[in-house]
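A.B. asks: Here it is, the structure in full.
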Amino acid sequence: MAACLLSLLAACGGSDPVVPPPAPTGVAATPGDGVVGVRWSATAGADGYTVYRSTSSGSGKAGTAVQVNATSLDQAGLTNGVTYYFVVTAVNAGGESPPSAEVAATPIPAFQPLTLSEAGTGGGTVTSAPAGIDCGATCAASFATGSTVTLTATPDATSNFAGWSGACTGTGACAPVMDGPRSVTATFTRITHEVTVVRAGTGGGAVTSSPAGIDCGATCAATFDAGSLVTLTATPDATSTFTGWSVASCPGTGSCTVSIDAARSVTANFSRITFDLDVTWSGLGFGTVTSSPTGINCDASCSAAFVSGQLVTLSAVPGATSDFVGWSGGGCSGTGTCTVTMDAAKSITVTFTRKSYALTLSSTGGGTITSSPAGISCGATCAASFNHGTVVTLTPTADPGATFAGWSGACTGTGACIVNMDAAKVVTARFVYPVSVSLSGSGGGQVASAPAGINCGSACSATFDGGTQVTLTATPDATSSFGGWTGVDSAAGNTATVNLNAARAVTAVFARNTFTLSVTRSGAGTGSVASSPVGISCGATCSATFNQGTAVTLVASPTGASTFTGWSGSGCTGTGTCVVTMDAARSVDANFGP
């Protein structure tokens, strides 16, 4: 219409045409409860205004239009919470101005809801100023839009206020401005105290809690809510017993209930089950027994306690004069270490014996040897063992006819033999028998012995070790021959043997060698011949036997009117005596004349 009027005036040659006014300025939108008040400044040349409303920004004059003649418009019937966009144009006869700058506003209710939530493990109350919130009981209220509400959190006796979340943060004052719905969470945490369990004593075991938290072994400390009751239960391991708590309110060995009104430390005492290990001694020796682990260290019967299930190794060390024989009892044997498992009381016997050494006795025979202390009582060869350090006295007793000749080896002399048994010892006892040799017969010679001792040409004797076999050899002299033995055990020719198990008397017989001296008488006369040594007495006996080497003197005696005229034969001549040496058979003639 205005454009048409302008066109007509121009055509009719009237006054200057009317132009549209400029766009309004100073446009502002103020939200209210379901209403937005739009205000602007008056625009020069404007006959009226158009307000355009849209829910989309940038819509310009495409929105809902409302014509007004004032510089304000209260748009009612709007939806709270929806943002509305407004532009304003000015209108006159010249037309409509361009749109103003866009303004926006969101209608808000007169009251805004404030919702309070409590969170966390603790407890407490939240109140508001102005009043309305009292949570616990009332946790939601509405407050005038734009007002400031101050919330105060008060924890209960067992809790701490941990802070705000939502429309407030931190732990200070919470004062949200109620320019819209507000939600605030107050977090209360339960005050907790730590309960610490200490396991003490020689034993072992576990402690658990109800409610759960402590599982000691692995977890020996946990926190629990203040004011709660925590029950602790102790369970000893297989090798232990539970002996009680450190808390005065928990006597005995049952469960322990503690009130969590502060940090608590509770000691559970476990004692290791122990068994006695007894070591007893046996035998005449001595030594020491030690244990690993330590506990046993003794050189006489002793005892120590070891924990149940423990492996105990016993070691035995004999003394310098003793030998370790072995173990018995408790499943141990042999001479190594003894290892026992302490699942019950055990008794072990350790046996040490005195070191013993052999005393070996040899004898030539001819007597007996006895010992003090007893053990040796023998003849030829014997042995006995005596404990280390024993002083053994040996006493010889000769058989009849024998003589004790002395000791050799560990003893000397002919007195008592005293032996200190600090090692193996060997002693030899000599008994001797006499062997006497006599020579008989007409001959002569010598007798010698092997072994040496006898070497004589007349009666002689010597002593030899008992049991010795003595060989005797007879050697006749040049004028004799050996005739035989008496008193020997065996003989072969001029050799004989004698076994010395008694005193022996032996005779060696030597016979003199003899030759015949024959005398003949010849001639016309008569007479006699006699010999010195006697034998020849001729007349009657004109022949005799004489020992070899004998010098036989012959004397001729004529008879009557006869005369002795001389000798012949065997080297004899003349009329004196005739001396004949008998180194062979001889023949002599004595001549007698008238």
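The values are calculated or read from the model by the stated rules, or taken from the named source; none is laboratory data. These numbers come from a predicted model, not from an experiment. Virtual Cβ from ideal backbone geometry, glycine too; neighbours counted across all protein chains shown. Heads up: the accessible areas ignore ligands, DNA and RNA and are worked out on the full protein's heavy atoms, side chains in. Shrake-Rupley method; radii C 1.70, N 1.55, O 1.52, S 1.80 Å.
A.B. asks: Report the net charge of residues surrounding Gly32, where surrounding means a beta-carbon distance below 14 angstrom and charges are Lys +1, Arg +1, Asp -1, Glu -1. Before the final figure, lay out each step's value.
C.D. replies: On the way: positive: Arg39; negative: Asp33, Asp74, Asp179.
Result for the neighbourhood of Gly32: -2.
A.B. asks: Then there is this: Can you check what the Kirkwood hydrodynamic radius comes to for region 217-275, Cα pairs only, in Å to one decimal? Working shown, then result.
C.D. replies: Values: mean 1/r = 0.0790 Å⁻¹.
One decimal place: 12.7 Å for the Kirkwood radius.
A.B. asks: If you plug each phi of region 289-297 into the Karplus form 6.51 cos²θ - 1.76 cosθ + 1.60 with θ = phi - 60°, what whole-Hz ³J(HN,Hα) values come out, in order, with x for Gly and Pro?
C.D. replies: 10, 10, 10, 10, x, 4, x, 9, 7
A.B. asks: If you look at just the Cα atoms of region 302-458, how large are its Rg and its Dmax in Å?
C.D. replies: 27.8, 104
A.B. asks: On to the next question. How high is the relative contact order of the chain, in percent, with contacts defined as C-alpha pairs under 8 Å that are six or more residues apart?
C.D. replies: 6 percent
A.B. asks: What is the sum of charges, Lys and Arg at +1 and Asp and Glu at -1, for the other residues whose Cβ falls under 14 Å from the Cβ of Gly201?
C.D. replies: So the surrounding residues net to +1.
A.B. asks: So how far, in whole Å, is the C-alpha centre of region 264-339 from the one of region 439-512?
C.D. replies: 75 Å
A.B. asks: Suppose only helical runs count, i.e. DSSP H with n ≥ 4. What mean residue ellipticity at 222 nm does that imply for the chain under -39500 (n - 2.57) per run, divided by all residues and rounded to the nearest 500 deg cm²/dmol?
C.D. replies: Only helices count here, giving -500 deg cm²/dmol.
A.B. asks: Using alpha-carbon positions, what is the distance between the centroids of region 37-94 and region 160-180, in Å?
C.D. replies: Cα centres, region 37-94 to region 160-180: 39 Å.
A.B. asks: For region 69-126, count all C-alpha to C-alpha pairs, find those more than 13 Å apart, and express that count as a whole percent of the total.
C.D. replies: On the way: 1264 of 1653 pairs.
Across region 69-126, Cα pairs with separations above 13 Å total 76 percent.
A.B. asks: Below 20 Å, Cα to Cα, which lysines can Lys425 reach? Residues fewer than 8 away in the same chain don't count.
C.D. replies: Leaving aside lysines fewer than 8 places away in the same chain, those within reach of Lys425 are Lys355.
A.B. asks: Could you derive backbone 3J(HN,Hα) for region 570-587 from the dihedral phi with the Karplus parameters 6.51, -1.76 and 1.60 (θ = phi - 60°), listing whole Hz in sequence and x where the residue is Gly or Pro?
C.D. replies: 6, x, 9, 9, x, 10, x, 6, 10, 9, 10, 8, 8, 9, 5, 5, 10, 9
A.B. asks: Using only the alpha carbons of region 120-248, determine the length spanned along each of the three principal axes and report them from longest to shortest in whole angstroms.
C.D. replies: 74, 24, 18
A.B. asks: Just how far, in whole angstrom, is region 236-256 from region 106-122 if you go by their alpha carbon centroids?
C.D. replies: 54 Å
A.B. asks: Another question, if that's okay. Over region 391-466, with a single point scatterer placed on each C-alpha, what log10 of the ratio I(q)/I(0) does the Debye formula yield at q = 0.15, 0.17, 0.27 1/Å?
C.D. replies: -0.64, -0.73, -1.18
A.B. asks: In the chain, if the dipole is taken from +1 on Lys/Arg beta carbons and -1 on Asp/Glu beta carbons about the Cα centre, which of Val289, Ser440, Thr185 is farthest to the positive end?
C.D. replies: Farthest along the dipole direction, towards plus: Ser440.
A.B. asks: Based only on Cα atoms, what Rg/Rh ratio does the chain have, Rh being taken as Kirkwood's radius?
C.D. replies: 1.84
A.B. asks: If you don't mind, another one. Run the 1.4 Å probe and let me know the accessible area of Asp422, rounded to the nearest 10 Å².
C.D. replies: Around 80 Å² of this residue is reachable by solvent.
A.B. asks: Next up: Could you derive backbone 3J(HN,Hα) for region 119-131 from the dihedral phi with the Karplus parameters 6.51, -1.76 and 1.60 (θ = phi - 60°), listing whole Hz in sequence and x where the residue is Gly or Pro?
C.D. replies: Result, rounded to whole Hz: 9, x, 7, x, x, x, 10, 10, 10, 10, 9, x, 4.
A.B. asks: For the chain, which whole-number percentage of the solvent-accessible area (1.4 Å probe, protein heavy atoms only) is attributable to carbon and sulfur atoms?
C.D. replies: 53 percent
A.B. asks: What is the sum of charges, Lys and Arg at +1 and Asp and Glu at -1, for the other residues whose Cβ falls under 9 Å from the Cβ of Gly569?
C.D. replies: Residues close to Gly569 contribute a combined charge of 0.
A.B. asks: Mean separation of Cα pairs under 8 Å and 6+ residues apart, divided by the residue count of region 105-213: what relative contact order is that in percent?
C.D. replies: Working: 219 pairs, mean separation 33.4, N = 109.
This gives 31 percent for region 105-213.
A.B. asks: Also: How big is the convex hull of the Cα atoms of region 537-594, per residue, in Å³?
C.D. replies: Measuring per residue, one finds 71 Å³ for the Cα hull of region 537-594.
A.B. asks: If you don't mind, there's one more thing I want to ask. Any idea what angle helix 2-12 forms with the longest principal axis of the chain, computed on alpha-carbon atoms, 0 to 90 degrees, nearest 10?
C.D. replies: With rounding to tens, the tilt is 50 degrees.
A.B. asks: Calculate, for Ala137 and Ala248, the FRET efficiency according to 1/(1 + (r/R0)^6) with r their C-beta to C-beta distance and R0 41 Å; round to the nearest 0.05.
C.D. replies: Once rounded, the FRET efficiency stands at 0.45.
A.B. asks: Related question: Are there chymotrypsin sites (Phe, Trp or Tyr not before Pro) in region 299-399 that DSSP marks as loop and that have at most 14 other Cβ atoms within 10 Å, and which are they?
C.D. replies: none
A.B. asks: Taking 37 °C and 0.692 mPa s as the conditions, I'd like the Stokes-Einstein D for region 302-354 in µm²/s, using the Kirkwood hydrodynamic radius from alpha carbon pairs.
C.D. replies: 278 µm²/s
A.B. asks: Sticking with this one: Using a 1.4 Å probe and ignoring any ligands, DNA or RNA, find the accessible area of Thr339 and quote it in Å² to the nearest 10.
C.D. replies: 80 Å²
A.B. asks: Rounded to the nearest 5, what % of the DSSP beta bridges within region 456-594 are antiparallel ones? Don't skip to the end; give the middle numbers.
C.D. replies: Values: 37 of 43 bridges.
Expressed as a percentage, antiparallel bridges in region 456-594 total about 85.
A.B. asks: Using the alpha carbon gyration tensor of region 231-306, what are the three equivalent-ellipsoid semi-axes (square root of 5 times each eigenvalue), largest first, in whole Å? Each step should come with its number before you reach the end.
C.D. replies: Numbers: eigenvalues 388, 22, 15 Å².
Ellipsoid half-lengths, sorted descending, are 44, 11, 9 Å.
A.B. asks: OK, next. Please compute, for the alpha-carbon atoms of region 475-516, the extent along each of the three principal axes and give them in descending order in Å.
C.D. replies: Between the extreme Cα coordinates on each principal axis of region 475-516 lie 45, 16, 13 Å.
A.B. asks: Cα atoms only, region 253-364: Rg and Dmax in Å?
C.D. replies: Considering region 253-364 through its Cα atoms, Rg and Dmax are 22.7, 104 Å.
A.B. asks: For region 390-529, what is the accessible area per residue in Å², given a 1.4 Å probe and the full set of protein chains?
C.D. replies: Here the residues of region 390-529 average 44 Å² of exposed surface.
A.B. asks: List the residues, sorted by chain then number, that are 5 or more residues from Val325 or on another chain and whose placed amide H is less than 5 Å from its amide H.
C.D. replies: Close amide H contacts, sequence-distant or interchain: Thr351, Phe352, Thr353.
A.B. asks: Here's something else I'd like to know. With every protein chain left in place and a probe of 1.4 Å, what is the accessible surface of Val279, to the nearest 10 Å²?
C.D. replies: So the heavy atoms of Val279 present about 0 Å² to solvent.
A.B. asks: Take the Cα of Thr219, step 7 Å along the line toward its Cβ, and report every residue of region 177-198 whose backbone nitrogen sits under 14 Å from that point.
C.D. replies: Counting backbone N atoms under 14 Å from the label point, the list is 194-197.
A.B. asks: If you don't mind, another one. Calculate, for Ser372 and Ala452, the FRET efficiency according to 1/(1 + (r/R0)^6) with r their C-beta to C-beta distance and R0 60 Å; round to the nearest 0.05.
C.D. replies: It comes out at approximately 0.95.
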